[in-house]
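We did not get these values from a lab; they are worked out from the coordinates using the rules stated. Just so it is clear, the model here is predicted, and its values are computed rather than measured. Don't worry about glycine lacking a Cβ; one is built from the backbone with ideal geometry, like all the others, and counts go over all protein chains shown.
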Ligand code: SF4
Ligand code: SF4
């Protein structure tokens, strides 16, 4: 072969490679390679599918008797959660009691119900309550955050006279439920497809469906009026749960912790409430029951994972494939026959084992640096699940001290990316392979998780921002872990 023929052959090979890549599209190509590399996940997923399908045809009574879904306090053998390798539900599992969540404790627990906490709560309606001369905490920043809260607050106030705070402690009160006969559902698969289509039309970014699981229902709700508990009442016919995910804006979250960044969750709550109400009314109009829940009634994260929307992460959140942990989840409980989705795995658990960026960047060090365990920091933790657990008291105290919520554990997560960018997709793919350590190092170099300066966000017209604080990278920090272990030991001794 002479030189000219070699060049010609090389050119043909190159063009052929480009055409193949174009044909498959990058994402599809990665998925195929990912599946080959991670075949054990696929096996697990398939087993799970059989399990979930079986559950779909069971009544709630059957569900309670079955091994997968049992009464909230019944002992079970260690049980796999989702398709996780390490997260386990143990025989000591206890359903969560809403009066123990940090927001409820802010009203009744003398440790937290104080002037500072009240100022913090008030600041969500009064933008000058915690205003100060600090980047991201001006009246304008608080005003931006408080704008969307008005929607959620309006719903919360509407049934106040009946000791209800819709969306916070109680499900959304139905608006004139239509009295109609249920439409015939011939295929749960088709019905599930329609629910997903309508959910997305009404504003959801993600929709997943799973079986009702009484373990995730609160043992009791919190009564804001009496500062005590009140019963949770779920009709016996409820057998399915539709989980709706609403993604928060990427650039907004990058300003955490600041009042400006808190606009992300505020807008997420407001949009989620509207989507939940609309979809619930659609289901009622088809003649089925629909209970729309937000912060109330049940736990969001286990349902989101069971409905195949993401995997459990060290930061205690459900990490989704297309938005990372930057998602709020609402749930609709229904008796409508629907096909279920299966839990997914794309390498999050393996990444969390070696990445501690959320823990390293949590200002009050509330996130666990160690492996999953059944350790609980305080009464605000769920008991009896082997998992990564966050110290809610430390987290809440930090929020109160700053005068706004924080999202550092979302901002700094390597899965928190704008996935319209090809580079983000490549990184996510690498995080799902044995090359994840290298991917984390590359991600550290990108500096996308540094805190951006709120004033530069206000001023920017082209999407470029200045950095306010450099985030810590992902490697294990023995000193931080040792400090955390010392605090745990002191608390255990006090107990
Ligand atoms: S919200 Fe902030 S304070 Fe709370 S756990 Fe996450 S990083 Fe830590
Ligand atoms: S920051 Fe790292 S350790 Fe934390 S949830 Fe995200 S991937 Fe897991």
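Its convex hull of Cα atoms gives the range 412-462 a direction-averaged projected area, equal to a quarter of the hull surface, of 4.0 nm². Under the classification rounded if a/c is under 1.5, otherwise prolate if a/b is larger than b/c and oblate if not, where does the range 62-494 fall, given a ≥ b ≥ c as square roots of the Cα gyration tensor eigenvalues? It comes out rounded by the Cα gyration axes.
Potential lengthening of the chain between residue 111 and residue 420 amounts to 106.8 nm, from the contour at 0.36 nm per residue minus the alpha-carbon distance.
Computed from label points 7 Å out along Cα-Cβ, the spacing between residue 469 and residue 129 is 2.2 nm. Kindly give Rg over Rh for the range 452-495, based on alpha-carbon atoms, with the Kirkwood expression for the hydrodynamic radius. On the Cα set of the range 452-495, Rg over Rh gives 1.37.
Alpha-carbon geometry of the range 153-206: the Rg and the Dmax are 15.5, 42 Å, given in that order. Normalised by 2.2 N^0.38 Å, where N counts its residues, the alpha-carbon radius of gyration of the range 285-443 equals 1.12. Expressed as a whole number of Å, what is the distance separating the alpha-carbon centroids of the range 136-199 and the range 443-485? Spelled out, the Cα-based centre of one part sits 33 Å from the other. Each residue, residue 197 and residue 490, gets one label point 7 Å from its Cα in the Cβ direction; the gap between the two is 5.9 nm.
Using only alpha carbon pairs under 8 Å that are at least six residues apart, calculate the relative contact order of the range 62-494 and give it in whole percent. Answer for the range 62-494 is 19 percent. Taking the fewest neighbouring Cβ atoms within 10 Å as the starting point, the ordered list for 311, 181, 134 is 181, 134, 311. Estimated translational diffusion coefficient (Stokes-Einstein, Kirkwood radius over Cα pairs, 4 °C, 1.567 mPa s) of the range 159-240: 82 µm² per second.
Once a ≥ b ≥ c are taken as the square roots of the eigenvalues of the Cα gyration tensor of the range 360-495, is the result rounded (a/c under 1.5), prolate (a/b larger than b/c) or oblate (a/b not larger than b/c)? It is oblate, given that a/c is not under 1.5 and a/b is not larger than b/c. When DSSP beta bridges are restricted to pairs lying wholly in the range 62-494, around 95% turn out antiparallel.
For the range 338-495, averaging the sequence separation of C-alpha pairs within contact (under 8 Å, six or more residues apart) and dividing by the residue count gives a relative contact order of 26 percent. Cα-based values for the range 98-212, radius of gyration first and Dmax second, are 19.9, 61 Å. Out of every Cα-Cα pair that the range 83-138 contains, those further apart than 18 angstrom amount to 58 percent. If you model the range 192-348 as an ellipsoid using its alpha carbon gyration tensor, with each semi-axis the square root of five times an eigenvalue, the axes come out at 24, 20, 16 Å, biggest first.
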